[in-house]
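One structure is given below, encoded as structure tokens.
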Amino acid sequence: MFKRLFAIALTFGMAATAPPAFAQNCAERDNIIAKLQDSYAEELAFGGLQKTRGAQAVLEVWTSKETGSYTVLVTNANGISCIVAVGTDFFEAIPKIRIEGTPS
């Protein structure tokens, strides 16, 4: 997992507008997305708005059913995305169907 994160960070270099803690894991969103799609066969699974430090950012989870890998990105309004988590063995949860009138 660390090797993958490190490889992506090396590919894009450091983004000057990123917070110091994540600087080595940040780059322009388009560049990160291209790498996720081309190298890891990941596709956008879901996302949403996140309020951070008075500003809004977009949180996205990219996954690959082919490889089982996943990546969590946070994209700021300036177009810079930061990789905040990567992993393997991604799975989708199957929601339980609740029938009306039966206990949960």
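Is it fair to say ASN31 is open to solvent by 20 Å² or more (accessible area, probe 1.4 Å) and modelled with pLDDT of 95 or more? It would help to see each step written out before you state the result.
Numbers: open to solvent by 20 Å² or more (accessible area, probe 1.4 Å): yes; modelled with pLDDT of 95 or more: yes.
Considered against the rule, which asks whether it is open to solvent by 20 Å² or more (accessible area, probe 1.4 Å) and modelled with pLDDT of 95 or more, ASN31 comes out as yes.
One residue is enough: does segment 42-54 have a residue meeting the conditions among the aromatic types (Phe, Trp, Tyr) and in contact with a helix residue (DSSP H, G or I) (Cβ under 9 Å, 6 or more places away or on another chain)? Give the derivation first.
So the first thing to find is which residues in segment 42-54 are among the aromatic types (Phe, Trp, Tyr), and the list is 46.
Still in the running and in contact with a helix residue (DSSP H, G or I) (Cβ under 9 Å, 6 or more places away or on another chain): none.
The answer is no; no qualifying residue exists.
Filter segment 83-104 down to the residues that are outside any strand (DSSP E or B) and β-branched (Val, Ile, Thr) and list them by number. Walk me through it before giving the result.
Step one: of segment 83-104, the residues outside any strand (DSSP E or B) are 88-104.
Residues satisfying the conditions are THR88, ILE94, ILE97, ILE99, THR102.
Quickly run through segment 34-82 and pick out the residues that are buried (at least 16 other Cβ atoms within 10 Å of the Cβ), assigned to a helix (DSSP H, G or I) and touching a strand residue (DSSP E or B) at 6+ places or on another chain (Cβ under 8 Å).
Residues satisfying the conditions are LEU36, TYR40.
The values are calculated or read from the model by the stated rules, or taken from the named source; none is laboratory data. These numbers come from a predicted model, not from an experiment. When we count neighbours, we look across all protein chains shown, and the Cβ atoms used for this are built from the backbone with ideal geometry, even at glycine. Just so you know, the surface numbers come from the protein's heavy atoms only, side chains and all, with ligands and any DNA or RNA stripped out. Shrake-Rupley method; radii C 1.70, N 1.55, O 1.52, S 1.80 Å.
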